[in-house]
Amino acid sequence: MSSPTILGIDLRFGRHADSFELEAEGPVVISGPNGSGKTTLVDAILRTIYGFRRRRTGDAALFEARRPWSGGSYSASIRVRDLAGDVLSWSRDFDTDEVCVRTADGTLLFEGVANPGGAGPTVERYRDVVRSVFGLDDLDDCDRTTTIRQGALLDTTFDGDLLTLAEGGHARVQAALDAIEAAHKELSRQPVVEGGRRLNRDRQLEQTRSALTEARMRLEEAQRADRARGPIVIRLSELEQEEGRLEGELADLEPALRRLFERATAAAVHEAASERLDRLVQLRADLESARRATESAERELTRRAVRGEYPDDFRGTAADLRSAWKRRADLDRQLATTRAGAAWGVWVGGAGAAVLATGTILATRGSIVGWIVGLLGATLGITALVREVVVRRERAAALAERAEIDASVVALLDGVPDSGTVTPATLPDRLDVFEQQDEARRRLAASGSQVGVIAERIRDAADAAGTPGRSIVHLESDARQRLIETEAALTRIDRALPESLPGDLACETESVESAIEAARVRLQEVRGERERLALELAGSARAMVGIAGLEDECELLERRVEELRRSAEAHRAAHRLVREAYAEFREQDEARLVEAVAKRVRLLGRPVLAGFRADEGLSAATVKLEGRRVALDSPELSFGQRHLLKLAIRLGTADFLGVAGLATPLVVDEPFAHLDDRNSAQVWQLLVRIAAERQVIVTTQDSPLLRRLGVSTGIVELADEQHERRATPETRNVLGLSTAEPAVAGQPGGDRALDGGME
């Protein structure tokens, strides 16, 4: 047998909550009356492998209707023997679509979510597993070939329903192309034909991709927030510890700083007391020095004033005396000069007189020389006379000025000690004496002034100390006592201070202030970072709430994108195939398909039906009926004959569509309906022959027919009492059913309504 074999099933599915063994030499027959759950059992097998496409309205309703009537987990597990002879355990949780496939030795072939409508590497890997075991990886393919449901068989036509491309005429091909293109335009903006024109706006595929991109971005943001949550919590813990440490440091440093301020204050007071004492000591020393200077100046002035005290302006008087004496000396020299001039005038006058006399004598003699000599003598006489007058006047003026100078000298020397001995020669000595007396007076004045200033400063110091009128000696004593007290206080603080400082911090105000400032700045930074991280943590918590929903949304969108993508690709492929493959089908596949169906017609319909042919296309196929060739929908075919012919078409198509040597188990629902015993026997024999190459699972409610056919093995007998055992009146009431009410579609017990009367 080249078919995988389903050995058994353990399920909680619909009305069933039991285990069933399905292995048999021939066909496995699931028998029971209407309502016994035959179709439910077969559906559980198929859905365990292929699942539900819950986005389809029909599948969604059936998914809910198949929930266990008795409650509990919604699951099923089958045992499968593959072509290699390995027995696989194949289980599915229908609520989560979690599937697990293991070999008998525990080897895991697949584990994960296997949503048939999903996409992604996990779903593709599951499809590969299904394909490698069963040959077909989609339930739709099974329904088209190896799963023959009751009611669906009569709708089978020998045309496009078989391969989607066997249209048999240009008009139908063009209609199919138009329909495919219209459907593709709803799916995607991409052209259905390569090189065609894109649509202007996005369609379902592009819109869903955009929604998926947005959902992924939101999911990534939420996941980043989730990933950042752990480091944030750790960092918050670290910040809390650091904040406590900093607060502890400040609790130690601030009292230490206060003590340092106390020490600084005490040191300032001590320094002020020391400076005050130094000032007072200096004042006392300055006072003593000023007093000594005053006494020395007084003694010096007394010693220098023995011959009298010079006036204060003696220095100017001496300058005036020098000037007067210098002028008098100049006048004396001038008087001496006038005396010499007077003698010269007398001589010149005498000479002029002599010359005049001589000239007169000569003139009397009538000599011109005499006249000239006489004139010269007269001139000399006149000149001598004028000169005499001038000299006399100058001399008188000089004598008068000298008298004035002598009077001024007498006036200048008035008040000068021993003025009679003051001469230009003695004046320098007298100036030296004056300078010494003046220096002594200045020193006396300066020392006296200094004594006054110091006395004023002492009074100010006494007033500042609050002891006005206190002497310098007492003030100095008070300052010494204050210095001793402040030094003692400073010593006490210095002894206690190091014990209050943390660590090896320097016992200095600047160091402690810097440490406090650094701790406060860091504490503020820590608190700011804590607040920021707390907000981030709150934001991440809000973001985390939606992670599961975003993951589900992304998964649904991924599935939808994949469905739309595959659907768009399928439409493009179908469009291409419809355009290109019709001729190829006629040349290559049609003959093989016709031969496969003809073979099944010969096996099933002989001797009445035979000679199945499709000379003019699949839609115009004919069959030979009692020597006459008739169309497949000819009224000459009886209902039973049409049923046989449809079954032969489906079985022939299953042979035709076999994948890679794998013969997918054949599921036939009610194959004996509308057949007489003879034709039913022929169908049974056909199923027996098929069972030699692939597993065949048959459902039927005709138990008497089975007995007439002699079928006694491989039968799974379902009784309607199972329903009564598993759905007690209490359970039925919970499910909204009454024992007297018929089942309806969408509720447990509504299998027939949902499956079109399959059971």
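With respect to Ala211, is the statement that it is at pLDDT 85 or above, among the small types (Gly, Ala, Ser) and either within 30 Å of Arg125 (Cβ to Cβ) or in a loop (DSSP other than H, G, I, E, B) (or both) true?
Taking the combined requirement at face value, the residue satisfies it.
Could we say that Arg201 is more than 13 Å from Leu557 (Cα to Cα) and surrounded by 15 or more Cβ atoms within 10 Å (Cβ to Cβ) here?
In short, no.
For (1) touching a Cys at 6+ places or on another chain (Cβ under 7 Å); (2) open to solvent by 30 Å² or more (accessible area, probe 1.4 Å); (3) within 30 Å of Ser210 (Cβ to Cβ); (4) at pLDDT 80 or above, each residue gets a yes or a no:
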site	(1), (2), (3), (4)
Arg530	no, yes, no, yes
Gly539	no, no, yes, no
Met544	no, yes, yes, no
Glu551	no, yes, yes, yes
Cys554	no, no, yes, yes
Ser567	no, yes, yes, yes
His571	no, yes, yes, yes
Val601	no, no, no, yes
Arg606	no, yes, no, no
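Would you be able to say whether some residue in segment 271-280 is assigned to a helix (DSSP H, G or I), among the hydroxyl-bearing types (Ser, Thr, Tyr) and open to solvent by 50 Å² or more (accessible area, probe 1.4 Å)?
No, every residue in segment 271-280 fails to be assigned to a helix (DSSP H, G or I), among the hydroxyl-bearing types (Ser, Thr, Tyr) and open to solvent by 50 Å² or more (accessible area, probe 1.4 Å).
Picking from Val734, Val683, which residue would you name as being among the β-branched types (Val, Ile, Thr) and modelled with pLDDT under 75?
None of the other options fit; the residue is Val734.
Residue by residue, here is whether (1) in a helix (DSSP H, G or I); (2) of a type in the set (A, V, I, L, M); (3) at pLDDT 75 or above holds:
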position: Pro704; (1), (2), (3): yes, no, yes
position: Thr713; (1), (2), (3): no, no, yes
position: Arg725; (1), (2), (3): yes, no, no
position: Ala745; (1), (2), (3): no, yes, no
position: Pro748; (1), (2), (3): no, no, no
position: Arg752; (1), (2), (3): yes, no, no
position: Glu759; (1), (2), (3): no, no, no
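Could we say that Ala614 is within 60 Å of the chain's Cα centre (by Cα), modelled with pLDDT of 80 or more and at negative phi here?
no
Looking at segment 173-184 only, could you name the residues that are surrounded by fewer than 16 Cβ atoms within 10 Å (Cβ to Cβ) and either modelled with pLDDT of 85 or more or of a type in the set (D, E, K, R) (or both)?
Scanning segment 173-184 gives Asp178, Ala182.
Being touching an Asp or Glu at 6+ places or on another chain (Cβ under 8 Å) and within 21 Å of Ala290 (Cβ to Cβ) narrows it down to one residue among Asp438, Asp463; which is it?
Every option except Asp438 fails the conditions.
Please determine, by comparing only the residues of segment 654-666 that are crowded, with 22+ Cβ neighbours inside 10 Å and in contact with a Leu (Cβ under 9 Å, 6 or more places away or on another chain), which one is modelled with the highest pLDDT.
Leu666
Select from segment 54-70 the residues that are more than 19 Å from Arg559 (Cβ to Cβ), touching a Lys or Arg at 6+ places or on another chain (Cβ under 6 Å) and in a helix (DSSP H, G or I) and list them in ascending order.
none
Of everything in segment 204-254 that's among the β-branched types (Val, Ile, Thr) and open to solvent by 40 Å² or more (accessible area, probe 1.4 Å), which residue is farthest from Lys185 (Cα to Cα)?
The qualifying residue farthest from Lys185 (Cα to Cα) is Ile234.
Here's a check for you: in segment 460-476, which residue that is assigned to a loop (DSSP other than H, G, I, E, B) and out of contact with any Leu (no Cβ under 8 Å at 6 or more places or on another chain) is modelled with the highest pLDDT?
Pro468
Working only within segment 468-489, note down all residues that are within 15 Å of Glu288 (Cα to Cα) and surrounded by 11 or more Cβ atoms within 10 Å (Cβ to Cβ).
Selection gives Ser471, Ile472, Glu476.
To keep it simple, each residue is scored yes or no on (1) surrounded by fewer than 16 Cβ atoms within 10 Å (Cβ to Cβ); (2) out of contact with any helix residue (DSSP H, G or I) (no Cβ under 7 Å at 6 or more places or on another chain).
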residue: Thr426; (1), (2): yes, yes
residue: Phe434; (1), (2): no, no
residue: Asp438; (1), (2): no, yes
residue: Arg443; (1), (2): no, no
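Taking Asp95, is it touching a residue at least 60 places away in the same chain (Cβ under 8 Å), among the acidic types (Asp, Glu) and open to solvent by 30 Å² or more (accessible area, probe 1.4 Å)?
In short, no.
Taking Arg258 and the conditions (1) out of contact with any helix residue (DSSP H, G or I) (no Cβ under 7 Å at 6 or more places or on another chain); (2) not in a helix (DSSP H, G or I), which numbered condition does it fall short on, given that it satisfies the others?
It is condition (2) that Arg258 fails.
The values are calculated or read from the model by the stated rules, or taken from the named source; none is laboratory data. Just so you know, these numbers come straight off a predicted model, no measurement behind them. All Cβ positions, even for glycine, are placed from backbone atoms using ideal geometry, and neighbour counts span all protein chains on display. The accessibility values were calculated without ligands, DNA or RNA, using every heavy atom of the protein model including side chains. Shrake-Rupley method; radii C 1.70, N 1.55, O 1.52, S 1.80 Å.
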